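The values are calculated or read from the model by the stated rules, or taken from the named source; none is laboratory data. The shown structure was predicted, so the numbers you read here are calculated from the model rather than taken from an experiment. We place every Cβ from the backbone using ideal geometry, glycine too, and count neighbours over all the protein chains shown. Each accessible area value is taken on the protein alone, full model and side chains, heavy atoms only, with ligands, DNA and RNA left out. Shrake-Rupley method; radii C 1.70, N 1.55, O 1.52, S 1.80 Å.
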Amino acid sequence: MRYQSILQRIEDEKKDEIISAKLYRYTGLVQAIDYFSQKLVFEQIIDAAFDFINELLLVDSSAIFVYENDGYYIKKVKGITKKIVKIPVTTELGNLATFNGNILYEREKIIKFFDPEIIDALAVNAAVPLIIEGNLYGFILFYNKSIGEDDFIISEALMRLINNALENFSRYEKLAKVNSELDEKIFNLFAINQSSKILLSELRMDVLYSISVDVFSELTRSKITGFVLFDEKSEKFVLKSYKDVFYKTKDAHINLELSKSAGIDQNKVIIDLGKAEDREYLNSLFDGASAQLEQLEAKYAVLILKQSQLLGLVTLSETVTGGEYSSGIFELIESLASSTYTALSNAMHFGLVNEQKALIQKKLDKLISLNSLTKNISSSIRMETLLETCTKTLQISFNTSKGAFCLYKKETNEFEMASTINLDNCTKKVITPNKKWKRIFEGDTVFAMGQQNLADYVGESLAAEIGEAQGVLLIPVYIDMMDIEILGLMAVFKYDDIQLDNEENMLILETIAGSIAPVLNNLLMMQLQQRFMLPNYIEIFKSDLKEEIKQAIEYNLDLTVVQIIDEEGSLFKSSGIIDSLKESFNKLYPFSSNNIFIIENIDDRELEERIEKYTKGKKLFIRKMKLGTNFKSFAEFFNLYR
């Protein structure tokens, strides 16, 4: 009886052990469920899978392999002495996730997917596939002496927990990647918006170069960023600006010429210089471009174009961090290239409009100057005023830096430089025309470029005095009656900012010459007539004296009338005293060449000093008559001569 009780107790203890073992394994399974339900990374899942398999299935030996690049590499091992580092990828292994997807327990089933030699070497009898969305990412191989019904249940449950955790990890990774890409796109949209505002708000080309380089450099994190743009002067694409974050690049010079046969692909904006076909395409646009861009360590060239119209390109080197450019960055670059094209086009058009505006304003200023000059010419009553007005207008309004107005002396067949522009040493010098002047006497404008041609027209001596010149431009001033009668000419030797043969200026000068001709002819006729006609100085004196006496009495001013008689003079001989006194006295009345009257409002002492200065050494009779002393009215003054 006692023996039976002992056996029963042993049996009960065995049952308790079995129950305890089951309870332990199922408790472990609950812990596995709790653990694999968390958010885990790939390495945590792999480590936990290996540990739970070993702990809950009571395996004797095991190894876990994870896919990397070209095969499945061993990560952890237990109880296996012969290590196999790598299991190559095979078609059979690829089919494991597709056609099976469950734990393999029998050798015959295992060797359908694994190399038998590897299975025998590792001495395993079970395989747990690790699957993510239908793809085999790894597997656990293990050996268990006795596999019971509970082992099947636990192993199947563990496999599903592990694979669910792996799939959750994959989805989290994809979601994180999508979120990151979305954040990047949002940032890029914001960056494009702000950058476009900055670019489109700037209309100065030189500033726009710098801004464009800074924008591309900051947003792409390129170490060296270059800005190559079409230069209208050289008609080539040249480096306008560049930025080296580390200040290593110095004196970079890029000069590219667009091939006449270049076929521009408007859909190909970003050129990868690391690809042979892209380099070939760039070199087909610009011969030797890839070699020149090596100065900027260029990895990419971003074309600034629209509808096959190429304005330039931006070069990007490797990033500051050394990382690769993402697809989002390339989208950003394309958008920036488009905004840069618009900004550059706007700036170019704005510059062109300003140039046209300045040109139109310049033409308007010339027309205004021409109109003013014409009015002044028409109102000129003195030869000196006419010539000075003409030369000053040529200098100020028409940018003439060297020139002259010459009067033609028919008697001697010479042109006298009556008024000059920045040629004071040449004033009153004469030019003797030679056979080259034939067209001038026919009324035609003549111009010839170069220093030698200047000498051919005006002579070696005068050309040397004129100095540096663009050449010679001669515009005749003439009247066309029965025959062409030359009165003078306008000579231009140098302009400040235009060429001597500028057609517009030439036409304006010919118009000025045409306006001057009749006025100049009238003044010359008046000079001729003045030789035979003298003003009635006695009547002029009477009129002026009457007004001066009236003002002197009204405002209590000094008034003195001076009579000067040159005792050595003659009625028929001109006197130099008149010309000398004119320099000091405005109200001078030569009744004859030796009898002069002067009206002045200055004191006696200053009056005597002035007269003494200009008449010293002359034998003169001087009579002074002071208002209030010698006479008190206009009528009393003339009583002095009765």
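Hey, could you check segment 399-439 for residues that are part of a loop (DSSP other than H, G, I, E, B) and touching a Lys or Arg at 6+ places or on another chain (Cβ under 7 Å) and say which is least open to solvent (accessible area, probe 1.4 Å)? So, considering only residues that are part of a loop (DSSP other than H, G, I, E, B) and touching a Lys or Arg at 6+ places or on another chain (Cβ under 7 Å), the one least open to solvent (accessible area, probe 1.4 Å) is L423.
As a summary of the residue check, G138 satisfies the conditions (1) in a strand (DSSP E or B); (2) exposed (fewer than 15 other Cβ atoms within 10 Å of the Cβ) except for the one numbered (2). Determine, yes or no, whether T385 is open to solvent by less than 80 Å² (accessible area, probe 1.4 Å), assigned by the TED database to the domain that holds A517 and within 20 Å of L489 (Cα to Cα). Yes.
Please indicate, with yes or no, whether at least one residue in segment 566-578 is open to solvent by 80 Å² or more (accessible area, probe 1.4 Å), modelled with pLDDT of 85 or more and farther than 30 Å from N376 by Cβ.
Filtering segment 566-578 down to residues open to solvent by 80 Å² or more (accessible area, probe 1.4 Å) leaves 567-568, 571-574.
Right, trim to modelled with pLDDT of 85 or more and you get none.
No, the conditions are met nowhere in segment 566-578.
Scan segment 310-336 residue by residue and report those that are out of contact with any Ser or Thr (no Cβ under 6 Å at 6 or more places or on another chain), in contact (Cβ under 8 Å) with a residue 24 or more places away in the chain and of a type outside the set (A, V, I, L, M, F, W, C). Across segment 310-336, the qualifying residues are G312, T315, E318, T319, T321, Y325, S326, G328, E331, E334, S335. Cβ-Cβ below 7 Å, separation at least six or inter-chain, first residue in segment 429-448 and in the same structural domain as P476 (by the TED database), second open to solvent by 60 Å² or more (accessible area, probe 1.4 Å) and part of a helix (DSSP H, G or I): which pairs? From residues that are in the same structural domain as P476 (by the TED database), the pairs are T445/E510; V446/R439.
How many residues does segment 59-89 hold that are loosely packed, with under 14 Cβ neighbours inside 10 Å and not in a strand (DSSP E or B)? Steps first, please.
We begin by selecting, within segment 59-89, every residue loosely packed, with under 14 Cβ neighbours inside 10 Å; these are 68-70, 79, 81-83, 85-86, 88.
Narrowing the set further to residues that are not in a strand (DSSP E or B) leaves 69-70, 79, 81-83, 85.
Total satisfying the criteria: 7.
The residue that is most open to solvent (accessible area, probe 1.4 Å), among those in segment 616-631 that are of a type in the set (K, R) and farther than 13 Å from E548 by Cβ, is K616.
In segment 221-237, the residue that is surrounded by the fewest Cβ atoms within 10 Å (Cβ to Cβ) out of those that are more than 21 Å from A343 (Cβ to Cβ) and touching a Leu at 6+ places or on another chain (Cβ under 8 Å) is K236. Residue check: is L29 more than 15 Å from F139 (Cβ to Cβ), open to solvent by less than 70 Å² (accessible area, probe 1.4 Å), of a type in the set (A, V, I, L, M, F, W, C) and in a loop (DSSP other than H, G, I, E, B)? Here the answer is no, as L29 does not meet what is asked. So which residues in segment 253-294 are over 20 Å from I333 (Cα atoms), open to solvent by less than 30 Å² (accessible area, probe 1.4 Å) and assigned to a helix (DSSP H, G or I)? L285, A289, listed by residue number. Here the condition is being touching a residue at least 60 places away in the same chain (Cβ under 8 Å) and surrounded by 15 or more Cβ atoms within 10 Å (Cβ to Cβ); of I498, I475, I479, I486, it holds for I486 alone.
I'm checking my understanding of the structure. Among residues of segment 174-204 that are open to solvent by 60 Å² or more (accessible area, probe 1.4 Å) and under 21 Å from the mean Cα position of the chain (by Cα), which one is farthest from H349 (Cα to Cα)? The extreme case among them is Q194.
The set of residues in segment 308-330 that are of a type in the set (S, T, N, Q), in contact with a helix residue (DSSP H, G or I) (Cβ under 8 Å, 6 or more places away or on another chain) and modelled with pLDDT under 80 contains only S326.
Does L520 satisfy being outside any helix (DSSP H, G or I) and open to solvent by less than 40 Å² (accessible area, probe 1.4 Å)?
So L520 does not fit the description; no.
The residues of segment 295-330 that are surrounded by 15 or more Cβ atoms within 10 Å (Cβ to Cβ) and part of a helix (DSSP H, G or I), listed by number, are Q295, L296, G328, I329, F330. E108 falls short on exactly one of the conditions (1) part of a helix (DSSP H, G or I); (2) out of contact with any helix residue (DSSP H, G or I) (no Cβ under 6 Å at 6 or more places or on another chain); (3) surrounded by 19 or more Cβ atoms within 10 Å (Cβ to Cβ), and that condition is (3).
For the structure I just gave you, tell me whether I333 is at negative phi, modelled with pLDDT under 80 and not in a helix (DSSP H, G or I).
Values: at negative phi: yes; modelled with pLDDT under 80: yes; not in a helix (DSSP H, G or I): no.
Criteria not met by I333.
Does at least one position in segment 284-307 carry a residue that is modelled with pLDDT under 80 and at positive phi? Yes, there is a match, as at least one residue in segment 284-307 is modelled with pLDDT under 80 and at positive phi. In the set (1) assigned to a helix (DSSP H, G or I); (2) closer than 18 Å to M526 by Cα, the condition left unmet by I381 is number (1).
Residue check, F227 against (1) part of a loop (DSSP other than H, G, I, E, B); (2) closer than 14 Å to A298 by Cβ, all met but one. Which one? F227 satisfies every listed condition except (1).
Can you spot a residue in segment 205-212 that is open to solvent by 60 Å² or more (accessible area, probe 1.4 Å) and out of contact with any Lys or Arg (no Cβ under 9 Å at 6 or more places or on another chain)? No, segment 205-212 has no match at all. In segment 615-638, the residues that are closer than 13 Å to I564 by Cβ reach residues that are part of a loop (DSSP other than H, G, I, E, B) and open to solvent by 60 Å² or more (accessible area, probe 1.4 Å) with C-beta atoms within less than 9 angstrom, at least six apart or across chains, in these pairs: K618/E567; K618/E568; K619/E567; K619/E568; L620/E567; L620/E568; F621/E567; K624/N630. Within segment 37-70, being more than 60 Å from the chain's Cα centre (by Cα) and under 16 Å from L166 (Cα atoms) holds for S37, D47, A48, A49, F50, D51, F52, I53, I64, F65.
Please tell me if Q38 is at pLDDT 85 or above, open to solvent by 90 Å² or more (accessible area, probe 1.4 Å) and more than 21 Å from A126 (Cα to Cα).
Working: at pLDDT 85 or above: yes; open to solvent by 90 Å² or more (accessible area, probe 1.4 Å): yes; more than 21 Å from A126 (Cα to Cα): yes.
When the stated conditions are applied, Q38 passes them.
Residue pairs whose Cβ atoms lie under 7 Å apart, sitting 6 or more positions apart in sequence or on different chains, and linking a residue in segment 337-358 that is surrounded by 20 or more Cβ atoms within 10 Å (Cβ to Cβ) to a partner that is among the polar types (S, T, N, Q), are S339/S195; S339/S196; T340/S212. Taking segment 105-140 as the range and being over 23 Å from S170 (Cα atoms) and touching a residue at least 24 places away in the same chain (Cβ under 8 Å) as the test, the residues that pass are Y105, F114, D115, I118, A121, L122, A123, V124, A126.
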